[in-house]
Amino acid sequence: MLDLLRAAAARGIRIASICTGAFVLGAAGLLDGRRVTTHWSFADQLARAFPLASVDPSVLYVDSGQVLTSAGVAAGLDLCLHMIRADHGAAVAAEAARAVVMAPHRQGGQAQFIHHPAPEPDGAALQPLLQWMQHHLHHPLTLADLAGQARVSVRTLNRQFRAQTGTTPLQWLLAARLDRAWEILETSDTPIDRVAHLTGFGSPVTLRRHFTERLGVSPSAYRTAHR
């Protein structure tokens, strides 16, 4: 198997691992000189086994170009969506996420120390609210709006979001709006001001600011590169 991996790498094939699969890539010599990750509980062991690799135990996944590594199983799904987005665009990635009932694409640099409790019978699980937010991105939503929809206090909502997604409600909303903006820009000629309205940013200036902060390019430049 290691010989097959080395031969694939020599041909320039992209290779990805999920969780402790990184140890197999390391045994094949594919982690040397690369920034990589694995499940946080095995990160120290990976670093000791392959000292030429730079192991980052705090992120969901790392895209080092030809070799990609991810943390636990859920982070592996995030990595798969990342590769789908890179190969086929935001629209296809969004459809894949909807098909498997996943939240919008999470950035690889997001912390992996996230508690994922099972759905609770009292309705504390966030999935219904996340789906509602996806359908109301164009509205100027506030924390009070989200807490009211979830029928909890703002404090409880913030606590549940931290526990189940590793981020805040408004940060999750911003990521979902940027995902929607990417999809529209890649798949249509919708004017930028209309994109800003459809994604809840309100104005092209606000859209441009958040877009540039996240990607380093303007919405117009992104469309030119990805259409």
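Values computed for the structure shown
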quantity: Output for the range 209-218, where each listed residue is under 21 Å from TRP172 (Cβ atoms) and either at pLDDT below 90 or surrounded by 15 or more Cβ atoms within 10 Å (Cβ to Cβ) (or both); calculated: HIS210, PHE211, THR212, GLU213, ARG214, LEU215
quantity: Meets criteria (β-branched (Val, Ile, Thr), at pLDDT below 95, touching a strand residue (DSSP E or B) at 6+ places or on another chain (Cβ under 7 Å) and not in a loop (DSSP other than H, G, I, E, B)) for VAL62; calculated: yes
quantity: Residue that is open to solvent by 40 Å² or more (accessible area, probe 1.4 Å) and under 26 Å from VAL92 (Cβ atoms), where the choices are LEU174, LEU178; calculated: LEU174
quantity: Residues of the range 19-66 satisfying the condition of being in contact with a Lys or Arg (Cβ under 6 Å, 6 or more places away or on another chain), surrounded by 15 or more Cβ atoms within 10 Å (Cβ to Cβ) and closer than 20 Å to MET1 by Cα; calculated: ALA28
quantity: Single condition LEU146 does not satisfy, out of (1) closer than 26 Å to ILE18 by Cα; (2) modelled with pLDDT of 90 or more; (3) of a type in the set (A, V, I, L, M, F, W, C); calculated: (1)
quantity: Close pairs from the range 1-18: first surrounded by 10 or more Cβ atoms within 10 Å (Cβ to Cβ) and basic (Lys, Arg), partner at pLDDT 95 or above and in a strand (DSSP E or B), Cβ under 9 Å, at least 6 apart; calculated: ARG14/VAL67; ARG14/LEU68
quantity: Residues that are within 19 Å of ALA181 (Cα to Cα) and open to solvent by 50 Å² or more (accessible area, probe 1.4 Å), drawn from the range 85-104; calculated: ALA86, ASP87, HIS88, VAL92, GLU95, ARG98
quantity: Residue count, the range 1-48 (criterion: touching a helix residue (DSSP H, G or I) at 6+ places or on another chain (Cβ under 8 Å), assigned to a helix (DSSP H, G or I) and of a type in the set (Gly, Ala, Ser)); calculated: 3
quantity: Residues of the range 190-203 satisfying the condition of being open to solvent by less than 40 Å² (accessible area, probe 1.4 Å) and either in a helix (DSSP H, G or I) or among the charged types (D, E, K, R) (or both); calculated: ILE192, VAL195, ALA196
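The values are calculated or read from the model by the stated rules, or taken from the named source; none is laboratory data. Keep in mind that what you see is a predicted model, and the values were worked out from it rather than measured. Neighbour counts are summed over all protein chains in view; Cβ atoms, including those assigned to glycine, are modelled from backbone coordinates with ideal geometry. Protein only, heavy atoms only, side chains kept; ligands, DNA and RNA dropped before computing areas. Shrake-Rupley method; radii C 1.70, N 1.55, O 1.52, S 1.80 Å.
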